[in-house]
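This report refers to the structure that appears directly beneath it.
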Amino acid sequence: MEVSRNNCKDYILQTCSFLTVLLHLFRYIMTSEFTLAPTEKFFEENNYFGLQPSNIVMFEQRMIPAVTFDGKVILQGKGKIAMAPDGNGGLYQALLDNKVLQDMKKRGVEYLHVYCVDNILVKMADPMFIGFCVSKGADCGAKVVEKAYPAEPVGVVCRVRGVSQVVEYSEIKPEMTELRGPGEEFVYSAGNICNHFFTRTFLQDVTEKFMGQLKQHVAIKKVPFVDTWGNQVKPTKPNGIKMEKFVFDVFRFSRNFVAFEVVREDEFSPLKNADGATKDSPITARNSLLAQHCRWATSAGATLLDEHDNPLPPSARSDENTVQPAGSEAHVHTISAEDSTPAQFEISPLVSYFGEVRTQTQIVTGGKSMSYSLLLDNNCTM
Ligand SMILES: CC(=O)N[C@H]1[C@@H](OP(=O)(O)OP(=O)(O)OC[C@H]2O[C@@H](n3ccc(=O)[nH]c3=O)[C@H](O)[C@@H]2O)O[C@H](CO)[C@@H](O)[C@@H]1O
């Protein structure tokens, strides 16, 4: 396993043309029985976000019954068993069921960036990550961030008896998460952000040879059910078990696995909770994106102004400004709902991929002062 720290400034990238490439990439979206129709509708209503509908393939993963803690089926309604999707590792069965790998082969797709939808900062088809994996001859790769604190609910990428894999946060012993090295850094610090690289041939191998070896994991869930009087009940506490497969459980079959460390503020702000929670909520996700775009603008030379035309302090990255002992809780900054809202400044993904400045945009941002409430779109209007 090779770990590298990604530093974008070390690379020169033709991002203008990459933005055009992005528009033409093929997108495969795994949904479930619950989410296929709404996802299709959302894309249709939004004119496929300017993408070619024929370049988007949506397919369903399988559903499996949820059971009570003592193994009995749960009724979701009269004569209807409660079913749930089979985990994100259901991907491999779904690729087979829906002949997706054949479709990829027909279209000439050789490399895949697979990510989970609940991270607003995901860098789709990141050319650095894909390029790193391809240049290392990897068949399988994972992006990681430094873990923020021992109990953070992220899996850790590590080697177990020499085999690269992810040990999920629900399955690692708390004392293992606390282990520290000589510099006080966490021993198991490579946090999985559900951003994976696969070659198509590796996925072909997985579906042909290894599917039967994928582990089942127990997920404890709140499963809606119908009570003995026929009333629908939405439990407030977990009441059932679901067996799930995990997408990263195929890492162990890789012949050449690589990990690629990235900066949390640039790439990871998960959405796991509803508004009202202190972290990983819609508010924190939105703030992470706005803060990132403020950093991009200020590093391109812009000054952001508040509603009274006073310059806003630069939205610097905490890891650039604060010196904290490695491994301490404050060392890695996560945006919390209590943090002040950054300037309402957003740059359209049609303008910039990761903060690089297109010539036209530079005219707008370079040395200019801009209102704090602004969307910089692909017409570069203010
Ligand atoms: C198994 C897995 O990958 N765990 C990772 C997941 O944990 P976490 O517990 O957050 O995983 P979730 O159950 O939320 O699933 C992650 C993603 O998988 C997708 N999904 C889930 C279940 C399913 O049946 N089908 C499906 O497609 C969801 O859309 C979601 O985007 O994200 C964390 C980072 O945020 C990682 O550190 C964890 O290692």
Hey, what did segment 3-266 get for relative contact order, percent, Cα under 8 Å, at least 6 apart?
-> 26
Using amide H atoms built 1.01 Å from N in the peptide plane, name the residues 5+ places from G155, or on other chains, whose amide H lies under 5 Å from its own.
-> Y169, N192
For a footprinting-style exposure proxy, rank D126, D139 by other Cβ within 10 Å, fewest first.
-> D139, D126
Projecting the Cα atoms of I81, V156, F34 onto the charge dipole of segment 3-266, where Lys and Arg contribute +1 and Asp and Glu -1 at Cβ, the residue farthest towards the positive end is I81
Classify segment 21-128: rounded, prolate or oblate, from the alpha-carbon gyration tensor (a ≥ b ≥ c, eigenvalue square roots; a/c under 1.5 rounded; otherwise prolate if a/b is larger than b/c)?
-> prolate
Three-way shape label, segment 3-266, alpha-carbon gyration tensor, a/c 1.5 = oblate
Among the lysines, which fall within straight-line cross-link reach of K245, defined as a Cα-Cα distance under 16 Å, with same-chain neighbours fewer than 8 residues apart omitted?
-> K215, K221
Treat each spin label as a single point 7 Å out from the Cα along the C-beta direction, and report the L22 to F69 distance in nm.
-> 4.6
Determine, for W229, W296, the number of other Cβ atoms within 10 Å of each Cβ, and report the residues in order from fewest to most.
-> W229, W296
Got a sec? How would H196, H113, H24 order by Cβ neighbour count within 10 Å, fewest to most?
-> H24, H113, H196
Extension gain from Q232 to K99, taking 0.36 nm per residue of separation minus the Cα-Cα distance = 44.2 nm
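No value in this document is a laboratory result; all are computed from the given coordinates. Keep in mind it's a predicted model, so treat the numbers as computed, not measured. Neighbour counts run over all protein chains shown; Cβ positions are idealised from the backbone, glycine included.
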